[in-house]
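Since the structure comes first, as structure tokens, the remarks are kept for the end.
Every number in this text was worked out from the coordinates using simple rules, so none of it is lab data. As the structure is a prediction and not an experimental result, all values here were calculated from the model. Heads up, the Cβs are rebuilt from the backbone with ideal geometry, glycines too, and the neighbour counts pull from every protein chain shown.
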């Protein structure tokens, strides 16, 4: 099939996307529930006690996936916002809107769980370290995006204004990601990377990946249900 | 069981993290279902 044969803009119409979103959401929600249970089982029962951190390290099984999601959702949100700005497709702005609350939620969860991990491990709930501060800024970016969208009545104008904010805010993502390398942070460097083997026990790594997959599928399901609400509300 | 719940003395931290995380995800689902129901109802009325 030639590239022109694929109707790229077919699903850009809210009406054609609506039933597809419903079916996808149901599938993702089911898979997310199963993977969450599996991830909890590995994280709380199977994974061994950490030699230095004791049981407190089990927080990592939700902290790291939540932190990944907080950044990933922002990038996807900014991507849809940019597509909406470039092609003036209505669904793109709706997708960005639908992702923001879930992204903000995962950012808060990352901060909250990190704080509860930091107290027993570092001796403090909070420190103005580059990683923690940039993650807090991410939370404010989500809040700013949602507040801006809520403040402008005309959805198309709101989408354009929100898109600008989302795109400018993307600058913060590499700052969060590389903060542990660029600055001398209290927050540790990453134990998982695409280039080398993870520097942690295999079961711990598995638990984290399963939980990350669960959070991915959860986010997709929730965003799709929310986009369906937005399509209905804007009719 | 009580040993499991005690989490080696880190119960507040571990359960505080897991509890808040899954309560918030549950709340998001709850409010989204409510919104979804409302959006559906207003559509069928119109």
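Modelled label positions at residue A:234 and residue B:12, each set 7 Å beyond Cα in the direction of Cβ, lie 4.6 nm from each other.
Ordering A:146, A:208 by the number of other Cβ atoms within 10 Å of each residue's own Cβ, fewest first, gives A:146, A:208. Spatially, region A:118-176 and region A:62-86 are offset by 11 Å when compared through their Cα centroids. For chain A, the longest principal axis of the alpha carbon atoms and the long axis of helix A:90-122 meet at an angle near 10°.
As a proxy for reagent exposure, ranking B:14, A:225 by other Cβ atoms within 10 Å from fewest up yields A:225, B:14. Counting Cβ atoms of other protein chains within 10 Å of each residue's Cβ and taking the mean over peptide A:54-62 gives 6.
Seen from a random direction on average, the alpha-carbon convex hull of the protein assembly as shown projects onto 17.4 square nanometres.
The order of the peptides A:63-70, A:12-19 by mean Cβ neighbours within 10 Å, most packed first, is A:63-70, A:12-19.
Here the peptides A:173-179, B:31-37, A:80-86 are ranked by packing, the mean other Cβ count within 10 Å, and the order with the highest first is A:80-86, A:173-179, B:31-37.
For the peptide A:117-125, the mean number of other protein chain Cβ atoms found within 10 angstrom of a residue's Cβ is 2. Applying 1/(1 + (r/R0)^6) with R0 = 41 Å to the Cβ-Cβ distance of residue A:122 and residue A:148 gives a FRET efficiency near 0.70.
Under a Gaussian network description of chain A, with springs only between Cα atoms under 10 Å, the residue in A:43, A:30, A:169 that fluctuates furthest is A:30. Using just its DSSP H runs of length 4 or more, each adding -39500 (n - 2.57), the protein assembly as shown gives a mean residue ellipticity at 222 nm of -26500 deg cm²/dmol after division by all residues. Ranking of A:52, A:113 by neighbouring Cβ atoms within 10 Å, starting from the fewest: A:52, A:113. On C-alpha positions alone, give me the angle between the axis of helix A:202-234 and the longest principal axis of chain A, in degrees, nearest 10. Orientation of helix A:202-234: about 20 degrees from the principal axis.
Working from Cα pairs under 8 Å separated by at least six residues, relative contact order for chain A is 36 percent.
Between the helical axis of B:11-45 and the longest alpha-carbon principal axis of chain B there is an angle of about 10 degrees.
Packing, taken as the mean count of other beta carbons within 10 Å per residue, orders the peptides A:118-126, A:137-145, A:156-164 from highest to lowest as A:137-145, A:156-164, A:118-126. Counts of other chain beta carbons within 10 angstrom of each beta carbon in peptide B:18-30 average 5.
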